[in-house]
1. Which of the residues that make up segment 36-65 are more than 13 Å from the ligand (Cβ to nearest atom) and either without any contact (Cβ under 8 Å) to a residue 12 or more places away in the chain or within 13 Å of Lys11 (Cα to Cα) (or both)?
2. Here are some conditions: (1) out of contact with any Ser or Thr (no Cβ under 7 Å at 6 or more places or on another chain); (2) at pLDDT 90 or above; (3) not assigned by TED's automatic domain parsing to the domain that holds Leu6. Thr46 meets all but one. Which one does it not meet?
3. All but one of (1) modelled with pLDDT of 90 or more; (2) more than 30 Å from Gly10 (Cα to Cα); (3) of a type in the set (D, E, K, R); (4) surrounded by 11 or more Cβ atoms within 10 Å (Cβ to Cβ) hold for Glu88, so report the exception by its number.
Amino acid sequence: MPRKRLDLTGKRFGRLTVLAPAEDKRLPSGETSSQWRCRCDCGRETVVARRNLRFGATTSCGRCDPRRPMNARRRDEAVSESAQRVHELPSNPFADLANAIVACAADDYRTALKEGDRRSLASLERFFHSRWYALLTSLDPDRLISRLKAEA
Ligand SMILES: [Zn+2]
């Protein structure tokens with residue numbers, strides 16, 4: 001006995017106008033999904049599963065939908081937003097903090113030079129050559145040290 005189907009002929013879903021019932025689609029689960037032949041505003045015809053029409057999942061033939069590029073754009077925006085955030089980091093709070101730490105260590109080094117505090121000098125030099133320092137700045141540690149020594 002044929003399943004009674006809701007007649008969607010003539011109904012509009014987004015850019016699609018339903019023309020006629022199409023052949024049922026057999027799903028991998030064994031169920032059948034009723035489909036409709038639709039005409040898109042762009043003139044293309046397409047077959048859409050009823051539930052995709054009803055739930056608004058499909059609102060065009062998919063090749064002209066202005067909403068598709070918008071979805072793609074939204075994804076790009078999300079990507080560029082996080083990329084932007086990453087780009088902002090070195091130039092904003094992190095960079096300021098990193099510069100402050102390096103500047104502070106440089107100040108300590110100047111003071112240690114002035115006071116002839118060899119222990120502080122040694123530990124600061126260790127810091128300047130550490131991975132932690134390399135993470136904070138691209139300033140060459142030996143150039144920094146010789147510059148500080150020249151200043152003293
Ligand atoms: Zn279309």
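1. Trp36, Arg37, Arg50, Asn52, Leu53, Arg54, Phe55, Gly56, Ala57
2. Of (1) out of contact with any Ser or Thr (no Cβ under 7 Å at 6 or more places or on another chain); (2) at pLDDT 90 or above; (3) not assigned by TED's automatic domain parsing to the domain that holds Leu6, only one is false for Thr46: (3).
3. So the condition that Glu88 fails would be (1).
The values are calculated or read from the model by the stated rules, or taken from the named source; none is laboratory data. Because the structure is a prediction, the values reported are computed rather than measured. So basically every Cβ, Gly included, is an ideal-geometry build from the backbone, and we count neighbours across all protein chains shown.
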